[in-house]
1. Counting just the residues of the range 261-275 that are assigned to a loop (DSSP other than H, G, I, E, B) and over 21 Å from Ile222 (Cβ atoms), which one comes out farthest from ligand 1 (Cβ to nearest atom)?
2. Here are some conditions: (1) surrounded by fewer than 22 Cβ atoms within 10 Å (Cβ to Cβ); (2) within 13 Å of ligand 1 (Cβ to nearest atom). Gly278 meets all but one. Which one does it not meet?
3. Give Glu71, Glu15 a once-over and let me know the one that is of a type in the set (Asp, Glu) and assigned by TED's automatic domain parsing to the domain that holds Arg258.
4. Inspect all residues belonging to the range 54-66 and state whether any of them is over 22 Å from Leu125 (Cα atoms) and either outside any helix (DSSP H, G or I) or at pLDDT 95 or above (or both).
5. Going by the conditions given, is Gln24 assigned to a strand (DSSP E or B), within 42 Å of the chain's Cα centre (by Cα) and either at pLDDT 95 or above or assigned by TED's automatic domain parsing to the domain that holds Arg353 (or both)?
6. Just for the range 67-85: of the residues that are assigned to a loop (DSSP other than H, G, I, E, B) and among the hydrophobic types (A, V, I, L, M, F, W, C), which one is surrounded by the most Cβ atoms within 10 Å (Cβ to Cβ)?
7. From the list Thr381, Thr361, which residue is farther than 30 Å from Leu31 by Cα and among the polar types (S, T, N, Q)?
8. Would it be correct to say that Glu239 is without any contact (Cβ under 8 Å) to a residue 40 or more places away in the chain and in the same structural domain as Val210 (by TED's automatic domain parsing)?
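The values are calculated or read from the model by the stated rules, or taken from the named source; none is laboratory data. Just so it is clear, the model here is predicted, and its values are computed rather than measured. Backbone-built Cβ (ideal geometry, glycine too); neighbour counts: all protein chains shown.
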Amino acid sequence: MEYLSVAAAQQCVLESVVALGAEQVKLEQSLGRVLAEEVRANRDQPPFDISAMDGYALRSADLAGIPATLEIIEDIKAGDLPTKTLTPGQCARIMTGAPMPQGADAVIRVEDTEAKPDNRVQINLAVKSGNDIRRLGENMRNGEVVLTPGTTITPGVIGVLATVKCAQVQVYRRPRVAILSTGNELEGLDEPIDLNKIPNSNSYALMGQVQALGIDPVLLGIARDDPEELARYLRRGLEYDVLLVSGGTSVGVHDYVRPTIEALGAQMLFWRVSMKPGHPVAFGKVPPTKVAEADAVQGARSAATQAYLEDRQGSEHRATQQCAAAGTFVFGLPGNPVSSMVCFEQFVVPALRRMMGYARTYRRTIEARMTHNVKHQPGRTEFIRVLLAKEAGGYAATSTGAQGSGMLLSMARADGLAVIPADCNGLTAGNAVTVQLLDGTVFQDDAGFKE
Ligand code: AMP
Ligand code: MG
């Protein structure tokens, strides 16, 4: 198989995954989720013409000569209903949000008036008909579609949902994600230090990346480089919507991930992408029937998965049943810690966001100016970890230091990934560069960089 460009691999991922089914959550739990239903207004808002100011409701025709003195015939507070109709020369004291009285066609702010004895007020400014009135239905009309499926639930959207009394909201289900690390050399977080081993950082860095998208993943642990042990772990992973496997995806004699996952029924869609750091990175789908077969072979769910499920509420449990029905997407990520994280950003972020129903799936990119030279041999798209600093007219990007694919500190310090196109012969200080931001809740429609 040929090496795919990053863009072609991203396209392959986004053509393969679809939004998952919907579930109902309480409004209080809906922040950041994606609406899976159309929402309509259930009344006119505001329900009548109301005052936009604390002041006086009056007849604009009475303001031909300024100052004008009017008689106050009523005091209308927010929540009151007016009881009187204004006739020429009359006004009503009114509070913000209170309904306009019959006969009035404008509001004057209290700041533009002076109180006078005997229930009178002097108006010092002429205002036009309609001044400072919020019209019936100007926010929303009864029956009008106010929110469409695919809308990200922001605090503002929560306000709209509360306005239309949506105490329960239909949102897209979040994918259930499992993370598996592979390698004989790996030492678990809870194991004693053995200086001959490599600490398993990938499971946790990936966990953080998944959590940053609003999903709590399940860590399956470490599988040794042994086809049978690996198969046991991978089968467990097929109980989830998405399985992330770190390590063992290249072509070394002990890299068993690809043949083993294929033996479990995976259709591999790609396993080589022309990127640095990154390749080898693999993506495949295990169809539902294969998941069911793998379950049957396994006999029962693993104790860990069972405990996890028992810990959860019914809806989560039902979600697990649906997983097997939809199949599992498998990402084989490189073992090198930086490569694993960079590949996650390029391929797993768009996939998980698509599954959660978001229209915008890609990390946000900005344009920056590189503060130093960057060497680059034409061939692969390169992602350089950079720090960003605001400067006049934009941002300055500076490498976080040594860029080896095992140098996790270069990632820990980074604000973003500067994308060096495959055909680029290197950059000189001052050149423009596209930087993919590694943080934030604003996403975009496309990858935003050229390769
Ligand atoms: P692999 O892709 O399995 O050939 O691994 C490439 C490099 O990444 C090796 O040096 C591994 O020790 C390292 N590596 C693999 N998995 C992990 C992990 N979970 N955490 C930290 N380093 C890892
Ligand atoms: Mg390995």
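1. Per the criteria, the residue is Gly265.
2. Going through the list (1) surrounded by fewer than 22 Cβ atoms within 10 Å (Cβ to Cβ); (2) within 13 Å of ligand 1 (Cβ to nearest atom), Gly278 breaks only (1).
3. Glu15
4. There is no residue in the range 54-66 that is over 22 Å from Leu125 (Cα atoms) and either outside any helix (DSSP H, G or I) or at pLDDT 95 or above (or both).
5. Here the answer is yes, as Gln24 does meet what is asked.
6. Only one residue tops the list, namely Ala78.
7. So the residue among Thr381, Thr361 that is farther than 30 Å from Leu31 by Cα and among the polar types (S, T, N, Q) is Thr381.
8. No; evaluated as a whole, the condition is false for this residue.
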